[in-house]
Amino acid sequence: MAMITPGGPPEEAVQSSCAYFDSLMTSTETLETKFSLFLESILIDSVSVGISRKVLSHIISRIKCLPEDDSLKYCNILTEALKLRLMSFEDQITDINQHMADLYEIRKKDYNKAAFHLSAIPIENSQKNYTKTFTTQIYLKIARLYIEGRDANQAEIFINRASLLITSNTDDELQVKYKLCYAKLLDFRKKFLEAARRYLELSLEPLLPVPDQNELLRRSILCAIIAPAGLHRSRLLSSLNKDERSQNFIFHPMLKNTQLGHLITRQQVELFEKELEEHQQETLPTGMSILEAAVMEHNLLALSHIYKSIKINNLAHLLRVPVPQVISSPEL
């Protein structure tokens, strides 16, 4: 193994170490042990931090070019070797964690691991003076990844950190990213009414392209329809129904019926259900899905304007649900 000679010329030490590492990468042998030993040799106290940083930067640049599984394998060895040297090798640790986050997000679709590696970037304990904009961007990306990975608790932690910085930020695009991330968190937390309001607000944001505006309007309608009934929901549904863009969606008839208090048909429900995301289709303690409960609540109210009294069997038939489900409904 190429060893760095203490007191030798720094550039020579860097070149010899980089050359040795390059020779390792071209070998067909199993390299994990040799790689670990090589890292130990360049991280010992007798080697100056300046030399170690240059060699590590070279190593990272080569590791990034490897196939993704090999790249992740060597990244993990490298982060393990550096975990107690945070202050000395901050740039290298940041670089390697950003690379791992990208691989897990884009290639592996493992959003929680991607978020974990981004959160390992030493922003809060950094010797550098990161800008508020950069820090906010990182926090929002971590939050977005945790939402994608269905971890609302971790997402909320980083949203809250971003919220402490966003109020003093004048970057309009970053403000929009924050609002969108927060709306998604509300949606995932099943706070559908508040999420719908924020989606609608963002759907009118001129900084966003039209396709994104339309997608946010779609999300607003979905959340509004499955939100609990009430005066605020009724007002929101009215605003959505009056929005001419809503007529372009296949589930507009259901939006219209919901807003006007008309019965929602089975066909409308089936079309609408296909648009829902996984967390919006979860089953409630009553055994009904979120959508089934919302439709039941709406149709019961709609029928109450038509019938003064009705037998349970006939009501179940009109609602197209089993009798026990009608009896157990809290709206009766």
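The values are calculated or read from the model by the stated rules, or taken from the named source; none is laboratory data. It should be emphasised that the depicted structure is a prediction, and the values quoted were computed from it without experimental measurement. FYI the Cβ positions are ideal-geometry reconstructions off the backbone, even for glycines, and counts take in every protein chain you see. Ligands, DNA and RNA are stripped out before the accessible areas are found, and what is left, the full protein with its side chains, is counted by its heavy atoms. Shrake-Rupley method; radii C 1.70, N 1.55, O 1.52, S 1.80 Å.
Evaluate the range 124-139: report whether one residue or more is under 30 Å from GLY50 (Cβ atoms), open to solvent by less than 10 Å² (accessible area, probe 1.4 Å) and β-branched (Val, Ile, Thr). No, there is no match, as no residue in the range 124-139 is under 30 Å from GLY50 (Cβ atoms), open to solvent by less than 10 Å² (accessible area, probe 1.4 Å) and β-branched (Val, Ile, Thr). In the range 59-92, the qualifying residues are those that are under 20 Å from TYR20 (Cβ atoms) and open to solvent by 50 Å² or more (accessible area, probe 1.4 Å), and the one that is farthest from the chain's Cα centre (by Cα) is ARG62. For the range 129-154, the set of residues classified as assigned to a helix (DSSP H, G or I) and over 25 Å from ASP95 (Cβ atoms) consists of ILE147, ALA152, ASN153, listed by residue number. Within the option set ILE290, ILE312, being modelled with pLDDT under 60 and surrounded by 11 or more Cβ atoms within 10 Å (Cβ to Cβ) holds for one residue only, ILE312. Pairs linking a residue in the range 38-62 that is farther than 17 Å from PRO9 by Cβ and acidic (Asp, Glu) to a residue that is open to solvent by less than 60 Å² (accessible area, probe 1.4 Å) and part of a helix (DSSP H, G or I), with Cβ atoms under 8 Å and 6 or more positions apart or on different chains, are GLU40/ALA81. Within the range 258-273, the residues that satisfy the criterion of being open to solvent by 20 Å² or more (accessible area, probe 1.4 Å), in a loop (DSSP other than H, G, I, E, B) and at negative phi are HIS262, LEU263, THR265. All told, ALA101 falls short of being touching a Gly at 6+ places or on another chain (Cβ under 8 Å), assigned to a helix (DSSP H, G or I) and surrounded by 17 or more Cβ atoms within 10 Å (Cβ to Cβ).
For every residue, the table says whether it meets (1) within 19 Å of the chain's Cα centre (by Cα); (2) open to solvent by 40 Å² or more (accessible area, probe 1.4 Å).
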position: SER168; (1), (2): no, yes
position: VAL176; (1), (2): yes, no
position: CYS181; (1), (2): yes, no
position: LYS184; (1), (2): yes, yes
position: PHE188; (1), (2): yes, no
position: PRO211; (1), (2): no, yes
position: LEU216; (1), (2): yes, no
position: ALA229; (1), (2): no, yes
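Looking only at residues in the range 195-204 that are buried (at least 17 other Cβ atoms within 10 Å of the Cβ) and out of contact with any Phe, Trp or Tyr (no Cβ under 9 Å at 6 or more places or on another chain), the one that is farthest from LEU255 (Cα to Cα) is LEU202. The condition of being in a loop (DSSP other than H, G, I, E, B), modelled with pLDDT of 90 or more, under 29 Å from the mean Cα position of the chain (by Cα) and not basic (Lys, Arg) holds for only one of LEU276, LEU255, LEU240, that being LEU276. So is LEU37 assigned to a loop (DSSP other than H, G, I, E, B), hydrophobic (A, V, I, L, M, F, W, C) and loosely packed, with under 15 Cβ neighbours inside 10 Å or not? Considered against the rule, which asks whether it is assigned to a loop (DSSP other than H, G, I, E, B), hydrophobic (A, V, I, L, M, F, W, C) and loosely packed, with under 15 Cβ neighbours inside 10 Å, LEU37 comes out as no.
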